[in-house]
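Taking it in order: structure first as structure tokens, then the write-up.
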Amino acid sequence: MSHQPGHGDHPNHHHAHGGGGDLADLLDLDAEVMSEHLNAVRTDIVALADSPVRSILDLGAGTGSGSFGLLRHFTDARVLAIDASEEMLERLRRRAEQLGLSDRVSTLCADLDKTV
């Protein structure tokens with residue numbers, strides 16, 4: 001499986017090679033810059049879904065900015081955030097706690113580029 005860019009992620013890096021603060025800060029900034037586009041994507045999801053969105057799978061979740069945007073939009077949904085960097089997932093879990101969303105967020109550390 002190749003690494004696909006999405007919701008604030010970059011196509012040319014892998015979290016496993018640098019889960020430090022600089023990359024995490026860049027991902028969060030990307031989400032802010034792309035917020036209008038991300039809102040349009042969420043609107044499209046509502047239009048395309050044939051039932052209420054209850055489960056979200058965030059592949060390459062990074063800091064979770066995409067996950068949190070989706071959780072704010074889909075108030076009955078839960079997310080499984082998957083990333084190759086335990087550091088990113090720890091930051092995501094801390095942010096979920098701060099936002100009061102811990103009960104709606106699960107994480108899994110896995111490098112999908114290496115998983116068969």
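A few remarks follow.
- Mean Cβ count within 10 Å, highest first, over the residues of peptides 47-55, 59-67, 81-89: 59-67, 81-89, 47-55
- Only Lys, Arg (+1) and Asp, Glu (-1) charged, at Cβ; the stretch 44-108 dipole about Cα centre in debye: 180 debye
FYI, it's all coordinate maths here, none of it is from the lab. Because the structure is a prediction, the values reported are computed rather than measured. In this analysis, Cβ positions are derived from the backbone assuming ideal geometry, glycine residues included, and neighbour counts consider all displayed protein chains.
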